[in-house]
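The values are calculated or read from the model by the stated rules, or taken from the named source; none is laboratory data. None of the values given here were measured: they were computed from a predicted structure. Here the Cβ positions follow ideal geometry from the backbone for every residue, glycine too, while neighbour counts run over all protein chains shown. Ligands, DNA and RNA are excluded from the accessible area calculation, which covers all protein heavy atoms including side chains. Shrake-Rupley method; radii C 1.70, N 1.55, O 1.52, S 1.80 Å.
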Amino acid sequence: AKAIRQAYKSYLAGKSYQAIADGWNAHGITTPSGARWRAIDIVKLLRNPRMAGIVVYKGTVYPETKAQWKPIISMR
């Protein structure tokens, strides 16, 4: 969660998706499947509404539904 929060901050500060992926790879942070990060993986991760505790089921967003997990980032 700490690395993901830092990735959001880095992106908002102007760092590219590829630069974030390169940084994670250099530090030995792997994808959940154990692979190296690519820019597209970072895009998908940072655009995932679940990171903010937003419930999505079969492509439908349920913003009023309380997530059963702790959000990694805040929308405020």
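Just give me a number: lysine pairs in the chain, eight or more positions apart or cross-chain, with C-alpha atoms less than 18 Å apart.
Close lysine pairs found across the chain: 7.
With every protein chain present, what is the per residue accessible area of the chain (1.4 Å probe, Å²)? Present the calculation step by step, with values, prior to reporting the outcome.
On the way: 5730 Å² over 76 residues.
So the chain comes to 75 Å² accessible per residue, rounded to a whole number.
Count charges around Ala7 for me, please; just the other residues with Cβ under 13 Å from its Cβ, Lys/Arg as +1, Asp/Glu as -1.
Working: positive: Lys2, Arg5, Lys9, Lys15, Lys44, Arg47; negative: Asp22, Asp41.
Surrounding charge for Ala7 is +4.
For the chain, what does -39500 (n - 2.57) per DSSP helix run (n ≥ 4), summed and divided by total residues, give at 222 nm, in deg cm²/dmol to the nearest 500?
Numbers: 3 runs with 29 residues, N = 76.
-11000 deg cm²/dmol, from helical runs alone.
Using Cα pairs closer than 8 Å and at least 6 residues apart in sequence, work out the relative contact order for the chain, in percent. Before the final figure, lay out each step's value.
Values: 68 pairs, mean separation 18.8, N = 76.
Once divided by the residue count of the chain, the mean separation gives 25 percent.
The chain: Rg/Rh from Cα coordinates, Kirkwood Rh? Walk me through the numbers before you get to the answer.
Numbers: Rg = 13.2 Å, Rh = 13.3 Å.
Ratio of gyration radius to Kirkwood radius for the chain: 1.00.
Hey, any idea what % of the chain's accessible area is carbon plus sulfur with a 1.4 Å probe?
On the way: 3230 of 5730 Å².
Answer for the chain: carbon and sulfur cover 56 percent of the accessible area.
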